[in-house]
Amino acid sequence: MQTFDLSANGLRALNSSLHALKGQTNMTEWEIINPKGAHAIAAGVDAPVDITVRGSTGYYCAGMNKQATIRVKGSAGPGVAENMMSGTVIIDGDASQYAGATGRGGLLVIKGNASSRCGISMKGIDIVVHGSIGHMSCFMAQSGNLVVLGDAGEALGDSLYEARLFVRGSVKSLGADCIEKEMRPEHIALLADLLKRGEADGKASPHEFKRYGSARKLYTFNVDNAAAY
């Protein structure tokens with residue numbers, strides 16, 4: 001295992017070392033100590049490596065991740081896993097606003113709560129939140145899946161496209177064009193797989209969730225929906 005002391009060696013040296021791991025590498029396990037809330041830790045990684053951050057991070061941790069498995073043994077600031085392409089990011093604590101924003105692939109797991117705008121404009125990422133999420137989550141979400149074991153705040157899924165939202169608890173309010181939809185067998189199977197991959201399969205049954213999606217009223221302008229634009 002490669003152990004990197006961030007307080008002693010600095011962020012630039014860390015990310016330069018991680019960016020150098022192109023393609024296959026035998027340096028597959030990394031431990032980052034003393035993060036002390038630093039920003040952009042392990043951003044832009046593109047290698048099949050396992051990275052453990054022992055402490056909480058600032059904004060944009062694991063941004064643009066490809067291939068790597070990154071676990072934060074603490075909480076994460078704004079924009080964790082922003083524009084993630086593939087791989088897995090696991091936050092053992094809470095996440096601040098716009099977690100997983102614009103994510104195109106991979107899996108983001110948040111063991112605590114997520115703040116506002118979780119999954120905003122998501123484009124294929126899967127997000128599993130063990131706690132609750134804040135307001136305006138999944139605004140303009142295009143594709144992918146969001147699973148919330150707790151509650152959701154105001155305006156969930158506002159201006160949603162084709163992302164699938166699964167919420168176990170209460171929803172304070174739905175955003176424009178977001179409606180509750182039927183849970184069919186294929187959704188139960190999908191959700192069971194997401195709960196397992198999100199390390200939450202023992203915490204909830206897929207049958208306890210409700211599904212939300214787009215009513216498809218905002219795709220083209222309709223004068224009857226003018227107030228919703």
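Laboratory data are not the source of any read-out in this text; all were calculated from the coordinates shown. Remember, predicted model here, so these are calculated numbers, not experimental data. As a convention, Cβ positions derive from the backbone with ideal geometry for all residues, glycine included, and neighbour counts pool all protein chains shown.
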Amide H proximity to residue 38 below 5 Å, modelled H, separation 5+ or other chain, gives 58
For the range 97-224, calculate the relative contact order in percent as a whole number, restricting contacts to Cα pairs under 8 Å that are 6 or more residues apart. 19 percent
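Only bridges whose two residues both fall in the chain count here: according to DSSP, what percent of them are antiparallel, nearest 5?
Percent antiparallel among DSSP bridges in the chain is about 15.
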Name the residue, out of 27, 140, 85, whose mean-square fluctuation peaks in a Gaussian network model built on the chain with Cα pairs under 10 Å. 27
Taking θ = phi - 60°, what integer Hz values does the Karplus form 6.51 cos²θ - 1.76 cosθ + 1.60 yield along the range 123-133, in sequence order, with x for Gly and Pro? 10, x, 5, 9, 10, 10, 10, 6, x, 10, 10
Take every DSSP beta bridge whose two residues both sit in the range 97-224, then give the antiparallel share in percent to the nearest 5. 30 percent
Contact order relative to length for the chain, counting C-alpha pairs under 8 Å separated by 6 or more residues, stands in percent at 10 percent
Counting Lys and Arg as +1 and Asp and Glu as -1, each charge on the Cβ, what is the dipole of the chain about the Cα centre in debye, to the nearest 20? 120 debye
Two pseudo-spin positions, 7 Å from Cα along C-beta at residue 216 and at residue 27, lie apart in nanometres by 5.0 nm
Rg/Rh ratio calculated on Cα atoms of the range 97-224 (Kirkwood radius): 0.95
With label points built 7 Å along Cα→Cβ from the Cα atoms of residue 172 and residue 73, find their separation and express it in nm. 3.4 nm
Sum of -39500 (n - 2.57) over DSSP H runs of 4+, divided by residues of the chain (222 nm, nearest 500): -3000 deg cm²/dmol
Which shape class applies to the range 87-171: rounded if a/c is under 1.5, otherwise prolate when a/b exceeds b/c and oblate if not, where a ≥ b ≥ c are the square roots of the Cα gyration tensor eigenvalues? oblate
Name the residue from 109, 143, 161 whose Cα lies farthest towards the positive end of the charge dipole of the range 97-224, charges +1 on Cβ of Lys and Arg and -1 on Cβ of Asp and Glu. 109
For the chain, modelled as a GNM with alpha-carbon contacts under 10 angstrom, which of 133, 32, 110 fluctuates the most? 32
When the chain is modelled as a GNM with alpha-carbon springs shorter than 10 Å, which of 218, 18, 174 fluctuates the most? 218
Counting sequence-distant residues (5 or more places) and residues on other chains, those with an amide H built under 5 Å from that of residue 4 are 31, 32, 33
